[in-house]
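Take a look at the structure set out below.
Nothing in this text is a laboratory measurement; each read-out follows from the coordinates by a stated rule. Keep in mind the model is a prediction, meaning the values are calculated, not measured. Because the Cβ atoms are built from the backbone with ideal geometry, glycine has one as well, and the counts that use them run over all protein chains shown.
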Amino acid sequence: MSKILVVAEVSAGKLKKTTHSAISFARMAGMPFDVLVVGHGVGAAVEELRAFGAGAVKVADDARFAHYVGEVFAPTVSAAASGYAVVAVTASSFGKDLAPRVAARLGAGFASDIAGVDASGGALSYKRPMYAGNAVASMQVTTSTQVVSARQSEFAAAAPSGGASPVEAVAAVDAPLAGRVEFVSFDEVKSARPELAEAKVVVSGGRSLKSAEGFKTVLEPLVDVMGAAMGASRAAVDAGYVPNDLQVGQTGKVVAPKLYIAVGISGAIQHIAGMKNSKVIVAINKDPEAPIFQLADYGLVADLYKAVPELTEAVKKIRAEG
Amino acid sequence: MKILVPLKRTADPDNANKIKIGAGGAKIETTGLEPKANPFDEYAVEASLRLLENGPTKARIAGDKLTIVSFGPKEAATNIRQALAMGGDDGLLFHADDESLDGDLVARALAKVVEQQKPDLVVLGKQAVDGDSNQVGQVLAELLQWPSATFAMSIELSADKKTVVVGREVDGGVIKLKLTLPAVITVDLRIVSSKSVVNHVTPATFAYPEGARFTPLPMIIKAKTKPIVEAPIASLGVDLALKSKYVSFALPPARKGGVKVKDVAELVQKLRTEAKVL
Ligand SMILES: Cc1cc2nc3c(=O)[nH]c(=O)nc-3n(C[C@H](O)[C@H](O)[C@H](O)COP(=O)(O)OP(=O)(O)OC[C@H]3O[C@@H](n4cnc5c(N)ncnc54)[C@H](O)[C@@H]3O)c2cc1C
Ligand SMILES: Nc1ncnc2c1ncn2[C@@H]1O[C@H](COP(=O)(O)O)[C@@H](O)[C@H]1O
């Protein structure tokens, strides 16, 4: 029976929500699946994962997996993948780094950053956005094992289905390259806000906020009163106003929240690639010709320095009224 | 030190919304779009030059070399030439139709080029902005069994040129890895910030202008005489079979713009009563 191996993402022993999208991929592909957890001190993550209907939760728990290093993880993941038809991971920065390595080791074809799967025709067909989402390809992998990375915004997080999958230990495989790549540090950016890829509401700012201070004083009050995640255009990231991992777009994060508010963002195609599948899009921009208005459901031509504080106050009032 | 930068010719990424789908969804048509070097590959060239030169004087460290390699149509020679005008020393062009390539084949072909050229470092873009597949660097590193760092936003080369410390932009922050050369690096956007790349000759106080460098006319003229060796991809002796196939292409569902609202009050009212998201 062909099976899928879902590779979980853990960080400091904790299960990352990205994993739920890869599980959702496996369910949509309509094949039985196991989950593989590679990490250190992952007991709680494993417990959590037992409730998703996996045939087994396989675990490689070892001190050498305390931090993700592709060279160290890939041999163990590839060894565990033997006999599976599909190896699936979510296309987070972890999955984007790991999946092609595993494919290379297995000699497997790779479907990268897919936005859909169709199991109706016998062979799995994948939907792949290309050219910044301006074309959608239907593709198939022709090797006996396939490797897939699934776009988080397109595979809604799977919910637990109950039950308690059995847990199986798998051996950590020696990584010949371990001696030539050394983990030095992880400089973590902590935020109390929801993660971009998981948020129901995203408020993003562009170059027009002019400084880190601009983001803080003008945009953040709106972000927080909306309970939103904060995003940004590349121009704002490049200028150093906000950290890189807030970048929304073709080469940043792809998001599809219920509500996306673009503040002072022109709407370059690379930005649009990362947010056009949002359910409702609002744009606030002082230039009535800004391309972002061509896809916004609600466009407000206004100076953001006036409109954003007004909107913040209005939402505050609504929230206060309950 | 010798660096190899793989560079892909892509249709103008700023106008990717003008692509068309050929009859019956058989093909993506990019006619009319100016072919340009993949932007991340330009950043890879810039980052490599910064590793190989003295920043303020742009003097190349003696014995160091930068080779550009591309797989693509004959016309890609133009794009290689531009990278040579930035400061690359020579180019290799392996002829292939874009449709006959995928990331896996490019990586396998690159592994052969690496065998021949013996670079200390291969610096690639993190993704080609046409296919958006983000895999060649990772696959290459596994094939070569070289250490690697993807999504680089900083590179520090040690004085003995034996190791690099690379800052990787990942979800939630920056991971630093120390790699023993030879190694593979794929670069992200911020690798071309003013102080992202550090070697042992550029003064610590020196700040590069942001972005990939402009090529002054004398450099463009000089690049005309730099060698580009061309050969069919088959000459590398790689299996040309692909591991995946594209069945068809389509345009994404169009998203129509909605309405303009006159003020914040109307926006709030619409979001509450019409969109029901507030
Ligand atoms: C390889 C590559 C990859 C890229 N990837 C991405 C990506 O992933 N994500 C991304 O976002 N970009 C990406 N870009 C960059 C993209 O092309 C644009 O340059 C960028 O999105 C522009 O950001 P912006 O809209 O903030 O700035 P601008 O284009 O400068 O727009 C600023 C907007 O603010 C408006 N404005 C100014 N002042 C005010 C005010 N007071 N009130 C209201 N409105 C105001 C202006 O009218 C204008 O529309 C990429 C580019 C390249 C080359
Ligand atoms: N046809 C090609 N010729 C040269 N380099 C390429 C080619 N395709 C991909 N690359 C390199 O691989 C990187 C990643 O591409 P990809 O994995 O296709 O997104 C690019 O930024 C290039 O450095």
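Structure above, values below:
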read-out	value
Residue match in the stretch B:14-27 (condition: within 13 Å of ligand 2 (Cβ to nearest atom) and either touching a Leu at 6+ places or on another chain (Cβ under 8 Å) or polar (S, T, N, Q) (or both))	no
Residues that are surrounded by 23 or more Cβ atoms within 10 Å (Cβ to Cβ) and out of contact with any strand residue (DSSP E or B) (no Cβ under 8 Å at 6 or more places or on another chain), drawn from the stretch B:106-126	B:107
All positions within the stretch A:123-149 that are under 21 Å from residue B:130 (Cβ atoms) and more than 10 Å from chain B (Cβ to nearest Cβ)	A:148
The stretch B:49-79, subset under 25 Å from residue B:242 (Cα atoms) and of a type in the set (A, V, I, L, M, F, W, C), residue nearest to ligand 2 (Cβ to nearest atom)	B:71
Flag for residue A:26 being farther than 30 Å from residue B:185 by Cα, free of Cβ contacts under 8 Å to residues at least 40 places away in the same chain and buried (at least 21 other Cβ atoms within 10 Å of the Cβ)	no
Tabulated pairs, the stretch A:169-188, first in contact (Cβ under 8 Å) with a residue 12 or more places away in the chain and more than 9 Å from chain B (Cβ to nearest Cβ), second of a type in the set (Lys, Arg) and assigned to a strand (DSSP E or B), C-beta under 8 angstrom, 6+ apart or interchain	A:169/A:58; A:170/A:58
Count of the stretch B:228-272 residues which are more than 12 Å from chain A (Cβ to nearest Cβ) and surrounded by fewer than 13 Cβ atoms within 10 Å (Cβ to Cβ)	6
Residue within the stretch B:31-38 that is in contact (Cβ under 8 Å) with a residue 40 or more places away in the chain, surrounded by fewer than 16 Cβ atoms within 10 Å (Cβ to Cβ), closer than 23 Å to residue B:246 by Cα and more than 14 Å from ligand 2 (Cβ to nearest atom) present	no
Residue ID - surrounded by the most Cβ atoms within 10 Å (Cβ to Cβ), chosen from residues in the stretch A:272-298 that are closer than 22 Å to residue B:18 by Cβ and of a type in the set (Asp, Glu)	A:287
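Okay, residues lined up against (1) without any contact (Cβ under 8 Å) to a residue 24 or more places away in the chain; (2) among the aliphatic types (A, V, I, L, M); (3) within 15 Å of ligand 2 (Cβ to nearest atom); (4) surrounded by fewer than 23 Cβ atoms within 10 Å (Cβ to Cβ):
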site	(1), (2), (3), (4)
B:149	no, yes, yes, no
B:152	no, yes, yes, no
B:155	no, yes, no, no
B:190	no, no, no, yes
B:193	no, no, no, yes
B:202	no, no, no, yes
B:222	no, no, no, yes
